[in-house]
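The values are calculated or read from the model by the stated rules, or taken from the named source; none is laboratory data. Here the structure is a predicted model, which is why all the values come from computation and not from measurement. Reconstructed Cβ throughout: ideal geometry from the backbone, glycine too, with neighbour counts over all protein chains shown. Surface areas here come from the heavy atoms of the whole protein model, side chains and all, with no ligands, DNA or RNA. Shrake-Rupley method; radii C 1.70, N 1.55, O 1.52, S 1.80 Å.
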Amino acid sequence: LLITDEKDLSGLPESIVEMAAQSAKAKEKAGWLFNLQYPSYVPFLKYADNRELREQIFRASSSRANHGNENDNKDIIRRIVELRFAKARLLGFRTHAEYKLQERMAETPERVIDFLHELHQKSKPFAEKEFAEVQEYAAKAGLAGPVQRWDWAYYSEKLKEEKYNFTDEEVKPYLQLEKVIDGVFGLAQKLYGLRLQENKNIEVYHPEVSAYEVYNE
């Protein structure tokens, strides 16, 4: 999604706009480029004021690889399912799910289904209450008609900001890559006695990849 009119960036945080500008520059295009990868797509749905563009990018994401062209993967998915089923039957199982679950905590497909039904029954009333609250907020904010799938993240974020005076953007300074790595490695050392040390002599397949050696106590 290439945006060339700056007014269509309304609502988007500065960091997301900057990232889109860099993406456009990398593709030698003028403007701001958004794609269907998580760091670009999710913030656009959450913050962009332009509802038509939110719908456009949502529909593009939900129909990926499903257009009957050379990038369509329905036949590949169908073949994977067929092969998984055949493999399970060869090994004496009724289904692929039964085969996969034999060594998992759930053990059987029936237990998984029962758990999901129980989860659905207990969570649905809370979900309905939350949806009604977001719908009411959206209507007060000027939305005509029901909240659509491309509206949900946008109005949920606005409501959260109004109720709690908080946005996800405020958390970002604490989630810098270096801080996250230090936190995860520190946890590994505290819980398991493992120390991770970067080794720049190890050959990597991309400049942004780092290689580590792992030591125990």
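I'd like the Karplus ³J(HN,Hα) series for the range 151-157: coefficients 6.51, -1.76, 1.60, θ = phi - 60°, whole numbers in Hz, and an x wherever there's a Gly or Pro.
Values per residue, Gly and Pro as x: 9, 4, 4, 5, 6, 4, 5 Hz.
Please get the size of the charge dipole for the chain, origin at its Cα centre, with Cβ charges of +1 on Lys and Arg and -1 on Asp and Glu, quoted in debye to the nearest 20.
With Lys and Arg at +1 and Asp and Glu at -1, about 780 debye.
Assign one of three labels to the range 26-71, namely rounded, prolate or oblate, based on the Cα gyration tensor with a ≥ b ≥ c the square roots of its eigenvalues; rounded applies when a/c is under 1.5, prolate when it is not and a/b is larger than b/c, and oblate otherwise. Walk me through the numbers before you get to the answer.
Working: a/c = 1.98, a/b = 1.23, b/c = 1.61.
Oblate is the answer for the range 26-71, as a/c is 1.5 or above yet b/c matches or exceeds a/b.
Given the -39500 (n - 2.57) contribution per DSSP H run of 4+ residues, what per-residue ellipticity at 222 nm results for the chain, rounded to the nearest 500 deg cm²/dmol?
-18500 deg cm²/dmol
Zone of residue 177 (label point 7 Å along Cα→Cβ, backbone N under 18 Å): which residues in the range 191-217?
197-213
Percent relative contact order of the range 1-73, based on C-alpha pairs within less than 8 angstrom and at least six residues apart?
The normalised contact order for the range 1-73 reaches 31 percent.
Contact order normalised by length for the chain, with contacts defined as Cα pairs under 8 Å and 6 or more residues apart; what percent is it?
On the way: 168 pairs, mean separation 27.5, N = 217.
With pairs under 8 Å counted, the relative contact order is 13 percent.
Across the range 118-130, in residue order, what do the Karplus-derived ³J(HN,Hα) couplings come to in whole Hz, using 6.51 cos²θ - 1.76 cosθ + 1.60 with θ = phi - 60° and x for Gly and Pro?
Per-residue couplings from phi come out as 5, 4, 4, 4, 7, 8, 4, x, 5, 5, 5, 5, 5 Hz.
Give the peptides 76-86, 26-36, 205-215 in descending order of average Cβ contacts within 10 Å, highest first.
My ranking of the peptides, most packed first, is 26-36, 76-86, 205-215.
Just subtract the alpha-carbon distance of residue 203 and residue 160 from 0.36 nm times their residue separation and send over the number in nm, one decimal.
10.9 nm
Which far-off residues, 5 or more places away or on another chain, put their amide H under 5 Å from the one on residue 194, with H placed in the peptide plane?
189
Taking the highest mean first, how do the peptides 169-181, 136-148 order by number of other beta carbon atoms within 10 angstrom per residue?
Numbers: 169-181: 10.3, 136-148: 12.9.
In descending order of packing, they fall as 136-148, 169-181.
Determine, for each peptide in 37-43, 111-117, the mean count of other beta carbons within 10 angstrom over its residues, then list the peptides with the highest first.
Output ranking for 37-43, 111-117: 37-43, 111-117.
R0 = 22 Å: FRET efficiency of residue 15 with residue 136, Cβ-based, nearest 0.05?
Computed FRET efficiency for residue 15 and residue 136 comes out at 0.15.
Using a 1.4 Å probe over the heavy atoms of the protein chains, calculate the carbon and sulfur portion of the accessible area of the chain as a whole percent.
54 percent
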